[in-house]
Amino acid sequence: MPRALLSVTDKTGLSAFAAGLAEVGYELISTGGTLKHLQDAGLPAIGIEQVTGFPEMLDGRVKTLHPKVHGGLLGRTDLPEHAAAMAEHGIEPIDLVCVNLYRFEETAAKGLPEAETVEQIDIGGPSMLRSAAKNYERVAVVTSVDQYDGVLAKLKAGGLSTGDRRDLAAAAFATTASYDAAIAGWFADLPASEDTSEATAADKEPSPFPNRFAPLFLKRGDLPYGENPHQPAAFYTDSSPGPESLAAAEQLHGKGLSYNNLLDLDAARALIREFDAPACAVLKHTNPCGCAEHEDAVAAFERAYAGDPVSAFGSIIAVNRRVNRELAEAICATAGFVESLLAPGFDEDALALLTSKPVWKKNVRLMSLPGLLEPAEIMTDLRRVSGGLLAQHRDEAAVDPSMWECKTERQPTEAERADLIFAQRVVKHLKSNAICYVNDRQLVGAGAGQMSRLDSAKIAAEKAGDRAQGGACGSDAFFPFRDGVDAVAATGVTAIVQPGGSKRDDESVAAANEHGVAMLFTGRRHFRH
Ligand SMILES: NC(=O)c1ncn([C@@H]2O[C@H](COP(=O)(O)O)[C@@H](O)[C@H]2O)c1NC=O
């Protein structure tokens, strides 16, 4: 009779799974709380003590850590020496293990006392997972409630294949790796022993970054290639991505996503999240070439696309409202070839229309992200440098005009203020050095990724033409010389927002006063490299 050992903290779906195992002929073995749960459900399970000959002891620290368990999991019954050793020591094979672990991460997140958190480090569970997973040729290892139905279905249909058990083993090792990474991260965040004196601890700001860093990402899949066709690439996701994250987006239509699509979609997602009113952003190479905010979602799209329709060819478009038939009609009528369209959702008729657009039929990737506008936890951006890794909090702080100071004689009008806020939200998402011109909450010119701010101002001016007249300018960092302010004012914009902080700020302010331009300092730089 095959034997299954069940030991789970999360008892969701357990009785049905165990009943299914019993039905296909498994003998059920179980630990304390799990056993009680099964017996209460009227299932014929036996306690682990009957297998080990030992009571569960040391406050549950030792329950399953026994050769009768680990020999039963690790023993290779196909090897005569193993079979003989098992027989000699009365070790019977265990064929299936179902374990989910103590809730360490949840406990650690609560910031409970150290001793209490340490008790939530599961030792026996991961040990069984590892033993079973190593012996996947014979043993099946079940680590998550999500797997119950699939495993049962296969057992009922004749059994698990070696490939199935290998997949389960891979999931088990990913589970223990992520569990251990969480434990290592928690330890790394504890105050260093030399810093525990009250004086030192009070003086020092704790770092938000751990001393040792072992992040775990799960492979979503290989990508056709990376930024260029000769670069192999893959997409990895967090083990539980947030509902607002790119990883949570569902592709409803179109070709597979490329590496560059994912990068651009991530940039589009970040920009569109800046706006509360209906808005649309059109991006190329992670930079917005069009963006607009308007009370009417169709107008927002049309004004965004009109910002730079030439650059919009092959773009990524993001909107922060569900795409309905009317918006889909406007998009179909206006947009040419587009790589991808990201929205919080698509109405059925809108989807039908978009997917029938001749140039979009096969190719355009329609991405639905219902949680697009939901709040996000602070995200750590990771970037490899040769021999290491740079970590920083993503620049996700909301633009906050209450922190701004007007430095010029002229104060901005209400309309200019609305444009300045819009300009600041957009310029955050342009590669540095970045300058943008905005008119009536429409991006009319962007200069990005230049080595000189003056060049960015000129490029943006060329894009804007006379549309900058009476509009506003956003700059991601201070103007080091007054020439930048002179160049911006020459376009006809009447208000500028920039962080300030240059030692020649007074010259820039004097230049703005000379041109009759209102200039506000935000006190916050938004470099993007
Ligand atoms: N100490 C052990 O030998 C041990 N064996 C299994 N566990 C864990 O005990 C939990 C189940 O406990 P119970 O069946 O008593 O509710 C599972 O999450 C399992 O991973 C153990 N607990 C901690 O290490």
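Miscellaneous remarks
- Only a single criterion out of (1) of a type in the set (A, V, I, L, M); (2) closer than 22 Å to Ser127 by Cα; (3) without any contact (Cβ under 8 Å) to a residue 24 or more places away in the chain; (4) not in a strand (DSSP E or B) is not satisfied by Ile46, namely (4).
- For the stretch 267-278, a residue qualifies if it is among the charged types (D, E, K, R) and surrounded by fewer than 18 Cβ atoms within 10 Å (Cβ to Cβ), and exactly one does: Asp276.
- Residues (within 16 Å of the ligand (Cβ to nearest atom) and touching a Phe, Trp or Tyr at 6+ places or on another chain (Cβ under 9 Å)) located in the stretch 90-101: Leu96, Cys98, Leu101
- Any hit, the stretch 428-436, residues being of a type in the set (Ser, Thr, Tyr) and farther than 20 Å from Arg524 by Cβ: no
- From the list Ser340, Ser356, Ser386, the lone residue that is over 30 Å from Arg524 (Cα atoms), modelled with pLDDT of 95 or more and hydroxyl-bearing (Ser, Thr, Tyr) is Ser340.
- The stretch 1-30, residues that are closer than 21 Å to Leu65 by Cα and more than 15 Å from the ligand (Cβ to nearest atom): Pro2, Arg3, Glu27
- A single entry from Leu252, Leu262 fulfils the requirement of being buried (at least 17 other Cβ atoms within 10 Å of the Cβ) and either assigned by TED's automatic domain parsing to the domain that holds Arg321 or within 17 Å of the chain's Cα centre (by Cα) (or both): Leu262.
- Whichever residue in the stretch 199-249 is modelled with pLDDT of 95 or more and over 22 Å from the mean Cα position of the chain (by Cα) and, among such residues, is farthest from Gly371 (Cα to Cα): His230
- In summary, strands (runs of 3 or more DSSP E) completely within the stretch 339-403 and bearing 3 or more residues that are surrounded by fewer than 19 Cβ atoms within 10 Å (Cβ to Cβ) occur at 380-385, 388-393.
- Checked against the criteria, Glu119 counts as out of contact with any Ser or Thr (no Cβ under 7 Å at 6 or more places or on another chain), surrounded by fewer than 19 Cβ atoms within 10 Å (Cβ to Cβ) and of a type in the set (Asp, Glu).
- Within the stretch 436-487, considering residues that are of a type in the set (Asp, Glu) and buried (at least 17 other Cβ atoms within 10 Å of the Cβ), the one nearest to Val517 (Cα to Cα): Asp486
- Scope the stretch 145-157; condition within 34 Å of the chain's Cα centre (by Cα) and closer than 22 Å to Pro93 by Cα; matching residues: Tyr148, Val151, Leu152, Lys154
- Residues satisfying the stated conditions in the stretch 31-78, i.e. within 11 Å of the ligand (Cβ to nearest atom) and basic (Lys, Arg): Lys36, Arg61, Lys63
- Number of positions in the stretch 105-123 that are within 11 Å of the ligand (Cβ to nearest atom), in contact with a helix residue (DSSP H, G or I) (Cβ under 9 Å, 6 or more places away or on another chain) and farther than 21 Å from Gln147 by Cα: 3
- Pairs are defined by a Cβ separation below 8 Å, a sequence spacing of at least 6 or placement on different chains, a first member in the stretch 10-23 that is assigned to a helix (DSSP H, G or I), and a second member that is of a type in the set (S, T, N, Q); the pairs so defined are Leu14/Thr34.
- Comparison of Ala108, Ala153, Ala133 shows that the only residue that is surrounded by 15 or more Cβ atoms within 10 Å (Cβ to Cβ) and at pLDDT 95 or above is Ala133.
- If you filter the stretch 497-517 down to residues that are in contact (Cβ under 8 Å) with a residue 40 or more places away in the chain and touching a helix residue (DSSP H, G or I) at 6+ places or on another chain (Cβ under 6 Å), you find that the one that is nearest to Ala434 (Cα to Cα) is Val497.
Residue-by-condition table, conditions (1) outside the structural domain of Glu137 (by TED's automatic domain parsing); (2) surrounded by 15 or more Cβ atoms within 10 Å (Cβ to Cβ); (3) not acidic (Asp, Glu):
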| residue | (1), (2), (3) |
| --- | --- |
| Ser7 | no, yes, yes |
| Gly20 | no, yes, yes |
| Tyr26 | no, yes, yes |
| Leu43 | no, yes, yes |
| Glu56 | no, yes, no |
| Thr64 | no, yes, yes |
| Gly75 | no, yes, yes |
| Ala85 | no, no, yes |
| Gly90 | no, no, yes |
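- Residue check, Glu348 over 23 Å from Val426 (Cβ atoms) and out of contact with any Ser or Thr (no Cβ under 8 Å at 6 or more places or on another chain): yes
The values are calculated or read from the model by the stated rules, or taken from the named source; none is laboratory data. These numbers were taken from a predicted model, which means no experiment stands behind them. Methodologically, a virtual Cβ is constructed for each residue, glycine included, from the backbone with ideal geometry; neighbour enumeration extends over all protein chains shown.
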